[in-house]
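The values are calculated or read from the model by the stated rules, or taken from the named source; none is laboratory data. Since the model is a prediction, treat every value here as computed from it, not as a measurement. Cβ placement follows ideal geometry from the backbone for every residue including glycine, while neighbour counts extend to all protein chains displayed.
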Amino acid sequence: MKKKAVVIMLVVVAVLGGCKADSMVSSNANGISMSVDVEDICNVNEEGELWFVGTEKLQGDTLSIPSKIKGRAVTSLYEGLFSGDKTLRSITIPDTVTLIGNRCIHFCENLQEVVLQGSSVELGNDNFYCCEKIKELHMESVRSIGEGCFVGLDDCDIYLSKDLESIGKGSLLSLDGNSMRLHIPKGSSGAKVLNTFIEIEKADSVNGKYYNNVSIIEE
């Protein structure tokens with residue numbers, strides 16, 4: 001009788017757990033499968049800055065950041081948040097986020113996809129540095145790019161915003177003969193910003209040679 005009661009309880013828990021499927025991730029601790037609420041592995045401060053994510057507790061390799069954590073809207077990602085991460089292959093960032101801090105997405109050796117759901121995002125310095133497995137990035141919502149971003153990507157297509165306002169020095173460098181294709185709407189203000197930036201960087205005695213394999217595609 002006790003064994004039957006335990007089985008019934010487990011079934012009830014499993015059914016009820018399905019109601020939170022959109023905010024749960026699969027985990028496995030000590031060989032036991034269980035569910036982990038994303039909110040339980042994330043911390044956000046009073047300013048809405050997400051400053052900690054316990055990716056080591058994820059069984060999978062996909063993270064969808066909630067727009068709210070414990071009642072607080074997530075508006076920015078702390079600098080270095082995912083730097084050096086080896087777990088994640090995909091990150092989805094909600095439309096509430098307007099700032100991605102310096103080195104937030106940095107040296108993520110297995111990362112293949114980042115989805116930005118926002119409409120106006122500021123990208124801090126050194127983001128996407130040496131995230132070599134990324135082959136396509138949709139950055140149409142990014143209005144401002146910090147210094148040293150997108151360095152070390154290879155055979156990668158990056159889609160940029162028609163409303164792009166600024167690009168920091170040393171961004172979009174192509175290292176070791178790697179190639180990048182920068183897509184941007186033809187005749188847009190963003191295209192003017194991008195072309196001017198590349199011209200200036202190519203003229204730089206130090207960085208100029210690293211832009212030989214960077215092409216701009218206006219479409």
*Tell me, please, whether a residue that is under 26 Å from Phe150 (Cα atoms), outside any strand (DSSP E or B), touching an Asp or Glu at 6+ places or on another chain (Cβ under 6 Å) and modelled with pLDDT under 95 can be found in the range 35-54.*
no
Residues of the range 176-219 being assigned to a loop (DSSP other than H, G, I, E, B) and either within 23 Å of the chain's Cα centre (by Cα) or farther than 15 Å from Asp154 by Cα (or both), in sequence order, are Asn178, Ser179, Pro185, Lys186, Gly187, Ser188, Ala203, Asp204, Ser205, Val206, Asn207, Glu219
Of the residues in the range 174-191, those that are under 13 Å from Glu132 (Cα atoms) and not small (Gly, Ala, Ser) number 4
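Looking only at the range 57-76, how many residues end up being hydroxyl-bearing (Ser, Thr, Tyr), at pLDDT 95 or above and not in a loop (DSSP other than H, G, I, E, B)? Steps first, please.
Here is the first cut: in the range 57-76, the residues hydroxyl-bearing (Ser, Thr, Tyr) are 62, 64, 67, 75-76.
Cutting the leftovers down to at pLDDT 95 or above gives us 67, 75-76.
Pick out the ones that are also not in a loop (DSSP other than H, G, I, E, B) and you get 76.
So the count comes out to 1.
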Scanning the range 158-178 for residues that are surrounded by fewer than 16 Cβ atoms within 10 Å (Cβ to Cβ) and farther than 18 Å from Phe107 by Cα gives Lys162, Glu165, Ser166, Lys169, Gly177
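Tell me which strands (runs of 3 or more DSSP E) are completely within the range 130-172 and hold 1 or more residues being among the polar types (S, T, N, Q), or say none if there are none.
On the way: elements: 136-139, 142-145, 156-160.
Of the strands (runs of 3 or more DSSP E) lying wholly inside the range 130-172, those with at least 1 residues that are among the polar types (S, T, N, Q) span 142-145.
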Return a yes/no flag: does the range 89-102 have any residue that is out of contact with any Gly (no Cβ under 6 Å at 6 or more places or on another chain), basic (Lys, Arg) and on the phi > 0 side of the Ramachandran plot. no
Filtering the range 118-138 down to residues that are at pLDDT 95 or above and in contact with a Ser or Thr (Cβ under 7 Å, 6 or more places away or on another chain) yields Ser120, Val121, Glu122, Leu123
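Would you tally the residues in the range 44-73 being among the aliphatic types (A, V, I, L, M) and farther than 19 Å from Ile100 by Cβ?
In the first step, residues of the range 44-73 are kept if they are among the aliphatic types (A, V, I, L, M); the result is 44, 50, 53, 58, 63, 65, 69, 73.
Narrowing further to those that are farther than 19 Å from Ile100 by Cβ: 58.
Residues meeting the conditions: 1.
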Of the residues in the range 119-147 that are closer than 19 Å to Ile216 by Cβ and touching a Gly at 6+ places or on another chain (Cβ under 8 Å), the one that is surrounded by the fewest Cβ atoms within 10 Å (Cβ to Cβ) is Leu123
- Message: Within the range 141-148, does at least one residue satisfy the condition of being touching a helix residue (DSSP H, G or I) at 6+ places or on another chain (Cβ under 8 Å), closer than 23 Å to Leu111 by Cα and of a type in the set (Val, Ile, Thr)?
- Response: no
Result of the Cβ filter at 6 Å on the range 153-170, keeping first residues that are at positive phi and partners that are in a loop (DSSP other than H, G, I, E, B), at least 6 apart or interchain, is Asp155/Ser179; Gly170/Glu147; Gly170/Gly148
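Got a sec? Which of Thr87, Thr92, Thr96 is closer than 19 Å to Ser67 by Cα and part of a loop (DSSP other than H, G, I, E, B)?
Details: Thr87 fails: closer than 19 Å to Ser67 by Cα; Thr92 fails: part of a loop (DSSP other than H, G, I, E, B).
Unique residue meeting the criteria: Thr96.
Determine which member of the set Ile105, Ile93 is modelled with pLDDT of 95 or more, crowded, with 23+ Cβ neighbours inside 10 Å, of a type in the set (A, V, I, L, M, F, W, C) and over 23 Å from Leu173 (Cβ atoms). Lay out the reasoning, then the answer.
On the way: Ile105 fails: over 23 Å from Leu173 (Cβ atoms).
Ile93 is the lone residue from the list that is modelled with pLDDT of 95 or more, crowded, with 23+ Cβ neighbours inside 10 Å, of a type in the set (A, V, I, L, M, F, W, C) and over 23 Å from Leu173 (Cβ atoms).
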